[in-house]
Amino acid sequence: MAQDAYARGEYAHGAFLAQQAAEKWVKAAWLRKGSELPRTHNVDDLCDGLGAPPEVVAAGRMATRPYTAARYPDVLGGPAYRLIRLADADQAMEAAEEVHQWVKDQLLE
């Protein structure tokens, strides 16, 4: 869905959905570990709590930015759909995919 929104030029929506996917992937890793889920939507905090390498934690932070902007418009000074552009969406999509790959590797161990 994130890629579909992105392909339609709905960059803020695509970036938001990419964060949602990354959050669900990381929470799946938490559940697989048998741990109680932290009450946060910050993908970087979730990754850090699992002991992810710094580059994955940084990717989680990048993936979380559009989510925060969409949920709290005052963060960017206006609605996300007006402010998140192609470059922002590219970064969020790539970051979410990096998190996804790390989680997949963890779940296959």
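Is it the case, given these coordinates, that Ala63 is under 12 Å from Tyr11 (Cα atoms) and modelled with pLDDT under 95?
Spelling it out, it is not the case that Ala63 is under 12 Å from Tyr11 (Cα atoms) and modelled with pLDDT under 95.
Working only within segment 25-47, note down all residues that are closer than 16 Å to Arg71 by Cβ, out of contact with any helix residue (DSSP H, G or I) (no Cβ under 7 Å at 6 or more places or on another chain) and modelled with pLDDT under 95.
Arg39
Counting only residues that are surrounded by fewer than 16 Cβ atoms within 10 Å (Cβ to Cβ) and in contact with a Lys or Arg (Cβ under 7 Å, 6 or more places away or on another chain), give me the helices (runs of 4 or more DSSP H) lying completely in segment 15-109 with at least 1 of them.
Correct list: 86-108.
Can you list residue pairs whose Cβ atoms sit under 6 Å apart, with the first residue in segment 1-27 being farther than 22 Å from Asp48 by Cβ and in contact (Cβ under 8 Å) with a residue 60 or more places away in the chain and the second being assigned to a loop (DSSP other than H, G, I, E, B) and of a type outside the set (D, E, K, R)? Count only pairs 6 or more apart in sequence or on different chains.
Close Cβ pairs (under 6 Å, with a partner that is assigned to a loop (DSSP other than H, G, I, E, B) and of a type outside the set (D, E, K, R)) amount to Tyr11/Ile84; Ala12/Ile84.
What do you reckon, is Ala18 over 20 Å from Leu108 (Cα atoms), modelled with pLDDT of 95 or more and not hydroxyl-bearing (Ser, Thr, Tyr)?
Details: over 20 Å from Leu108 (Cα atoms): yes; modelled with pLDDT of 95 or more: no; not hydroxyl-bearing (Ser, Thr, Tyr): yes.
Spelling it out, it is not the case that Ala18 is over 20 Å from Leu108 (Cα atoms), modelled with pLDDT of 95 or more and not hydroxyl-bearing (Ser, Thr, Tyr).
With modelled with pLDDT under 90 and among the aliphatic types (A, V, I, L, M) as the only criterion, which of Leu76, Leu50 stands out? Show your work before the answer.
Working: Leu50 fails: modelled with pLDDT under 90.
Exactly one residue qualifies, and that residue is Leu76.
The values are calculated or read from the model by the stated rules, or taken from the named source; none is laboratory data. Treat the numbers as computed from the prediction; the structure is a model and nothing was measured. Cβ coordinates were reconstructed from backbone atoms using ideal geometry, including for glycine residues, and neighbour counts include every protein chain displayed.
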